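The values are calculated or read from the model by the stated rules, or taken from the named source; none is laboratory data. Computed from a predicted structure; not experimentally measured. Note: ideal-geometry Cβ built from the backbone for every residue, glycine included; neighbour counts use all protein chains shown. Quick note on the areas: whole protein, heavy atoms, side chains included, nothing else; ligands and nucleic acids left out. Shrake-Rupley method; radii C 1.70, N 1.55, O 1.52, S 1.80 Å.
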2 protein chains.
Amino acid sequence: MRTKCTGRSSVLFNNPPRLICGSTIVGDVEAQGPLGSCFDITLEDDTWGEDTWEKAERKMFEHAVRKALDKAGLTPMGIDILLGGDLLNQIISANFAARELEMPFLGLYGACSTMAESILIGSMLIDGGYANRIACAATSHFSTAERQYRLPLEMGAQSTPTSQRTVTGAGCSILADSACGDNGQFSSIYVAGGVIGRVVDLGITDASNMGAAMAPAAADTLKKHLFDTGRTVADYDYIVTGDLGRFGSELFAMLLADSGIDIGNRHLDCGNIIFYSKQNVDCGGSGCGCSAVTLNGYLLPRMEAGDFNRILFMATGALMSPTAGLQGDSIPGIAHGVIIERRKN
Amino acid sequence: MRTKCTGRSSVLFNNPPRLICGSTIVGDVEAQGPLGSCFDITLEDDTWGEDTWEKAERKMFEHAVRKALDKAGLTPMGIDILLGGDLLNQIISANFAARELEMPFLGLYGACSTMAESILIGSMLIDGGYANRIACAATSHFSTAERQYRLPLEMGAQSTPTSQRTVTGAGCSILADSACGDNGQFSSIYVAGGVIGRVVDLGITDASNMGAAMAPAAADTLKKHLFDTGRTVADYDYIVTGDLGRFGSELFAMLLADSGIDIGNRHLDCGNIIFYSKQNVDCGGSGCGCSAVTLNGYLLPRMEAGDFNRILFMATGALMSPTAGLQGDSIPGIAHGVIIERRKN
């Protein structure tokens, strides 16, 4: 239960919680992407039998949690706290799913940083001794996000070259106190620490250029974490960002280079690897489902298989608001990070 | 740093964090209410010199935090984590304020339960050893809430008898590890534990009847807490709810009576005490600012003065969404609780 605070924003756990399971649900476009075979459930129709996209999205959140419970051999009663959120106003996907799941629920809003925010808080609550098992989940949906943040799909508006496609996807990770001795899907994955991000704003005002809005926050959080811990980029197999996309990733590397940090080939962006470029997704994927399904469906299984041993998973959020935009505001960003390690048992 | 988990939803701290300061900012209507003299800053004009109400609301959030820092003799650098949220889509008040404050920030969405949610998570993070000092804040604004959730004020629509007036107000509590030995405004106030609520829904669909939507969640959380801890209502001087209002409070008492719990005269609702009934506020006050300013401006100073020694502060949130409402959904509620105690040093 003991923990070491290292500086102002980063924490390292002495007794890291285990990440025992990860579940994923994706839409049809994601299923046709390069990671298509990695996901647990793929939808043929993004309404999933519901009469609205919003109802489909909440169903994805709920069933991502249920799928993760199945993998862990747990029932909802086995989870002490559900932590999560989504991109919709009043996080209705998470709230309505939490109603069905009947678990004690702490709602978060971190835009696309939600998967990292939930794992970060969840790990602290387990390491701190407040819970044995916590479910962390996030979801996003292309059609609900377009309707809420940009233009109704029915308009058929053309996307700009800097735009990214919101991933239709939900992911859930189950964290457990290692003393629980759970079996689960992963035997050797631990959350070793994390870093809490700040809201950073370089003045981007284009709702179709999310990558540029988030890159400064990602760079800020990484720099803070390296400073706090005395580590270098080389201490991680990969620095994984959530959804900077192609353009945002370039900006991220440039901002780091300005501070004398060479990210080299250690940067991996979930938004860059979830779609083929021939899928017509402009700068890549985005949305909190993007990092949620890439982490749980692709990265964690690869770590469990021994392909790499330590990543800094930094989901990135564009704190965009149509109301604030209409009032002339820019789009601030935030990025939270969690250190995920494979440890030999 | 040691902590005791008592059951599935409640926690009791062995080394409770101190609540060292509380700050408040309110609008003109709140300033004319019965608690008017309790608040730190009262606005003469609810735009506070800004060109939109939304910008005024974020300014309130930011300055509530700055005021609390002043009282504690701290700078923003003295705070390890800022926790908070508001009622606006994408919690823009909190996000934009966090940008100005430059603190590591974890965004929450719990609707009107935000003040309790932030203190609950903040206390666990301090007790767990992840931070020395945390600022917890929440804000709401009558005019932004009406515009977003109901009807534009310019329409001049008449309110229904069950409606409540969203409080224009922001509050911030500073939590500190008791080992820090801070002076601050309060010398003897501690967060002794808490309870995490579930999303509960009895099918209310009227956006002007928030009290009824939240009462079932408040009753559920209180019952769970009493069950978890083996306590009775008599173990608390007051069970304080956030904003059930007159009608919701009656329903709360009835739901508890159905479970054999007599709340008697130990129930206090922030929404019932913040306005005079002659102020034409129908069923009372609401909004996350309602419980935030009542706690920080009125309840905590009275506790410090020795008027009472232990409360369960249960802010209540109506997880209402215009989008979900248009799609035929009901309004679920949630309530989180924190045990606040006065302890002789």
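Numerical summary
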read-out	value
Those residues of the stretch A:197-210 which are within 22 Å of residue B:102 (Cα to Cα) and either of a type in the set (A, V, I, L, M) or open to solvent by 30 Å² or more (accessible area, probe 1.4 Å) (or both), in sequence order	A:198, A:199, A:200, A:201, A:202, A:203, A:204, A:205, A:210
Filter result for residue B:35 (within 10 Å of chain A (Cβ to nearest Cβ) and among the aliphatic types (A, V, I, L, M))	no
Any hit, the stretch A:56-65, residues being open to solvent by less than 10 Å² (accessible area, probe 1.4 Å), in contact with a Leu (Cβ under 9 Å, 6 or more places away or on another chain), in contact (Cβ under 8 Å) with a residue 40 or more places away in the chain and away from chain B (no Cβ under 14 Å)	yes
Of all residues in the stretch A:90-109 being in a helix (DSSP H, G or I) and surrounded by fewer than 24 Cβ atoms within 10 Å (Cβ to Cβ), the one that is nearest to the other protein chains (Cβ to nearest Cβ)	A:99
Exclusive hit being among the charged types (D, E, K, R) and over 18 Å from the mean Cα position of the chain (by Cα), set A:182, A:220	A:182
Evaluation of residue A:131 against (1) in a loop (DSSP other than H, G, I, E, B); (2) away from chain B (no Cβ under 14 Å); (3) open to solvent by less than 50 Å² (accessible area, probe 1.4 Å) (one fails), failing number	(2)
Subset tally (residues that are outside any helix (DSSP H, G or I) and crowded, with 19+ Cβ neighbours inside 10 Å) for the stretch A:141-184	18
Matching entry among A:138, A:217, A:192, A:213 (being closer than 16 Å to residue A:112 by Cα, open to solvent by less than 10 Å² (accessible area, probe 1.4 Å), in contact with a strand residue (DSSP E or B) (Cβ under 7 Å, 6 or more places away or on another chain) and assigned to a strand (DSSP E or B))	A:138
Qualifying residue in the stretch B:15-22 (condition: away from chain A (no Cβ under 14 Å), closer than 13 Å to residue B:293 by Cα and at pLDDT 95 or above)	yes
Residues that are of a type in the set (Gly, Ala, Ser) and in contact with a strand residue (DSSP E or B) (Cβ under 7 Å, 6 or more places away or on another chain), drawn from the stretch B:307-339	B:315, B:317, B:318, B:333, B:335, B:337
Pairs where the first residue, in the stretch A:323-345, is touching a residue at least 60 places away in the same chain (Cβ under 8 Å) and open to solvent by 40 Å² or more (accessible area, probe 1.4 Å) and the second is charged (D, E, K, R) and in a strand (DSSP E or B), C-beta under 8 Å, 6+ apart	A:342/A:310
Meets criteria (facing another protein chain (nearest Cβ under 7 Å), open to solvent by less than 10 Å² (accessible area, probe 1.4 Å) and part of a helix (DSSP H, G or I)) for residue A:125	yes
Unmet criterion (only one of (1) open to solvent by less than 10 Å² (accessible area, probe 1.4 Å); (2) more than 8 Å from chain B (Cβ to nearest Cβ); (3) in contact with a Cys (Cβ under 9 Å, 6 or more places away or on another chain)) for residue A:87	(1)
Long-range neighbours under 9 Å by Cβ, at least six apart or interchain, first residue of a type in the set (Ser, Thr, Tyr) within the stretch A:245-270, second in a strand (DSSP E or B)	A:249/A:241; A:249/A:267; A:249/A:269
